[in-house]
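Scroll down for the structure; my scribbles are underneath it.
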Amino acid sequence: MSVRVRADLDSLPAYVAGRTVPGSTKLASNEVSRGPLPSVVEAITRAAHEVHRYPDMAATELVDDLAERLDVPVERIAVGCGSVALCQQIVQAMCVPGDEVVFPWRSFEAYPILTRVAGANEVRVPLTAENALDLDALAAAITGSTRVVFVCTPNNPTGTALHEDELVAFLDRVPSDVLVVLDEAYREFVDDPKAPDGVELTRRWDNVVSLRTFSKAYGLAGLRVGYAVAPPEVAEALRKVYIPFSVNAVAQAAAVASLGAREELEQRCAEVIAERKRVGDRLLELGYRVPPTQANFVWVPLGERTRAFNEHCLENRVVVRAFTGDGARVTVGTPQENDALLEAAASFAG
Ligand SMILES: Cc1ncc(COP(=O)(O)O)c(C=O)c1O
C-alpha cells in the first residue's frame, strides 16, 4: 500500500513563473525594475530585527491604515499572502466541488489552477478579437452553478482595461448570489480616466470584491502581501480560510510604509506609464500588433511566431514571458532595459 495523492492533480496545468537568466534582462514577471520604494527599505530593515516574533495575525496596523486611506470599514478588508493567495481564499470560501468559476481566457494563469485544486469547475470565456475581456460572453457563461467570476482589469497578459460604464452594465446583469472578483493587481499603472475604481464599485454592489497587491507598483513581489476589499461576510470568510500568520511581519511593515510613500509611488508609476507608451509606439512602428495597455507590460500577439520571438529575445539577453502559440508578454522596465527589448524586437522584425 502506498499513500494516495489526488489523481486529478496530474492533469493540473503548471504555473509557469517568468524565468531568471543570469546576465539577461528579465522582463518576464511584471515586476518593477527599480526595487522597493526607497523609504520602504528602511522599514524592512527595522522589521527584520523583530522576526523572532510571530506576525500580527490580524495585520491590524495595515488593515487600519488601508481602511482609513480607502475610507472603508475594517470589516470589509482582508489581507493575503499576495493577491494570488486571496484568489485562492475566495475560491475556497465560495465553492464546493462541482460549483463553477467563470473567468476570461487568456487571463491570470492562477485562475484555472486554483479553481481545479478546490474541486470546482472552470469555465473559460475567450477574449474578444481585440484581446479585451468579453463582458457579454462572461455574463452569458454564468449559470445556476456559478459562484465566482474573475474579472481581471487591466487583464494579465493582454494589458487591456475595461471602462467603468461597461463594467457597471455587466455588474447590473450578474445575479446577486454570484461573487464578482475585480482583480486589480495593476491598478496603480492605470491612467485612463474612463477605467473603473474597483473599491468604489464595492460600495455599490454587495457581490463585488476588489483585489489589490503590493507586488507590482509598490515593488514588494518578494515579500508577498495583497488585500481584498469585500462585502463584510466575504471578508470574514476570507479570514476563516487564511493560513495563519501567512502575511509575515516584514511584509506588513513594508506595506504600511509603502502606503505612506505616495509621492515615490507616483513618480515611479509616471516613469512606467511614459515608458509603456514609448515601447508600445515603437513596437507598432516596427509592425507589431500591440493592444492598448494600462498595465506595466505590453502584449504582443504573435501566434505561431511566439516561440521564435522568445528564442530571439533570449539570444539577445532579454527574457520575456512567452505563451507558445498565442503571444508574448513583455514587462516595461527601465529605459535601458526597454531599449534592449526594442533592439531585439527590431532585429526580429527586420
Ligand atoms: C492579474 C494578477 N492577479 C494577481 C496576481 C498575483 O500577484 P501577487 O500574488 O504577487 O499579489 C498577479 C501576478 O502576476 C496578476 O498578474
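The values are calculated or read from the model by the stated rules, or taken from the named source; none is laboratory data. Keep in mind the model is a prediction, meaning the values are calculated, not measured. Using ideal geometry, Cβ is built from the backbone for each residue, glycine included, and neighbour counts are taken over all protein chains shown. For the accessible areas, the whole protein counts, side chains as well, though only heavy atoms, and no ligand, DNA or RNA atoms are used. Shrake-Rupley method; radii C 1.70, N 1.55, O 1.52, S 1.80 Å.
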Exercise. Say we look at region 59-84 and pick out the residues that are assigned to a loop (DSSP other than H, G, I, E, B) and within 16 Å of the ligand (Cβ to nearest atom); which of these is surrounded by the most Cβ atoms within 10 Å (Cβ to Cβ)?
Worked result: Ala59
For this session: Could you grab me the full set of residues in region 201-241 that are within 14 Å of the ligand (Cβ to nearest atom) and either of a type in the set (Gly, Ala, Ser) or over 26 Å from Leu162 (Cβ atoms) (or both)?
Result: Ser210, Ser215, Ala217, Gly219, Ala221, Gly222, Leu223, Arg224, Gly226, Ala228
Exercise. Among the listed residues Val209, Val279, Val247, Val234, which satisfies the condition of being buried (at least 23 other Cβ atoms within 10 Å of the Cβ) and either part of a loop (DSSP other than H, G, I, E, B) or hydroxyl-bearing (Ser, Thr, Tyr) (or both)?
Worked result: Val247
Problem set entry | All positions within region 85-110 that are away from the ligand (no atom under 16 Å from the Cβ) and out of contact with any Lys or Arg (no Cβ under 6 Å at 6 or more places or on another chain) | Ala93, Val96, Pro97, Gly98, Glu100
Seminar exercise, completed: Cβ pairs under 6 Å, 6+ apart or interchain, first in region 211-222 and within 23 Å of Val91 (Cα to Cα) and of a type in the set (A, V, I, L, M, F, W, C), second near the ligand (Cβ under 7 Å from one of its atoms) and open to solvent by less than 20 Å² (accessible area, probe 1.4 Å), ordered by first then second residue, are Leu211/Ser83; Leu211/Asp183; Ala221/Ser215
Exercise. Right, Ala185: within 14 Å of the ligand (Cβ to nearest atom), touching a helix residue (DSSP H, G or I) at 6+ places or on another chain (Cβ under 6 Å) and part of a loop (DSSP other than H, G, I, E, B) or not?
Worked result: yes
